[in-house]
Amino acid sequence: MEPISAATLKRRLQAGENIQILDIRTPYEWEDFSIGGLHIPLDELLLRVHDIPEEWKNQEIIVVCGTGLQSAIAVRVLAKQGFSDIHNLEGGLQAFAVE
């Protein structure tokens, strides 16, 4: 559950690594800018955890939000739901956009 830096995520995505992205921002934020992945807003996460593919439980998941604060909460929620390899994007998509 160690955080991942924007530079590391960007490098790994450019290298074509298979990384699952879960974006927990609001629909408006998602439509404004996205790096792809699955979109489930944080306020719906517990109700929609079943929408996350079952195979993701054993895959690396990077949880993203705008600044990294809400995604840190989502990482803890997912850990309690049995997801094992989850990481918060440090600084969120703001850091990713300037990296």
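The values are calculated or read from the model by the stated rules, or taken from the named source; none is laboratory data. Here the structure is a predicted model, which is why all the values come from computation and not from measurement. Note that each Cβ is placed from the backbone with ideal geometry, even for glycine, and that neighbours are counted across all protein chains shown.
A Cβ distance below 6 Å, combined with a sequence gap of six or more or placement on separate chains, defines the contacts here; from segment 50-74, residues that are within 20 Å of Ser34 (Cα to Cα) reach residues that are among the acidic types (Asp, Glu) and not in a strand (DSSP E or B) in the pairs Glu60/Asp85; Gly68/Glu90.
For segment 21-73, enumerate the residues that are among the small types (Gly, Ala, Ser), modelled with pLDDT of 95 or more and not in a helix (DSSP H, G or I). Correct list: Gly37, Gly66, Gly68. Given the criteria in a helix (DSSP H, G or I) and under 11 Å from the mean Cα position of the chain (by Cα), does Ala7 qualify? So Ala7 fails the test.
Find all pairs meeting these conditions: Cβ atoms under 8 angstrom apart; at least six residues apart or on different chains; first residue within segment 83-99 and surrounded by fewer than 20 Cβ atoms within 10 Å (Cβ to Cβ) and part of a loop (DSSP other than H, G, I, E, B); second residue among the basic types (Lys, Arg) and modelled with pLDDT under 95. As it stands, the answer is Ser84/Lys57, since those pairs meet every condition given.
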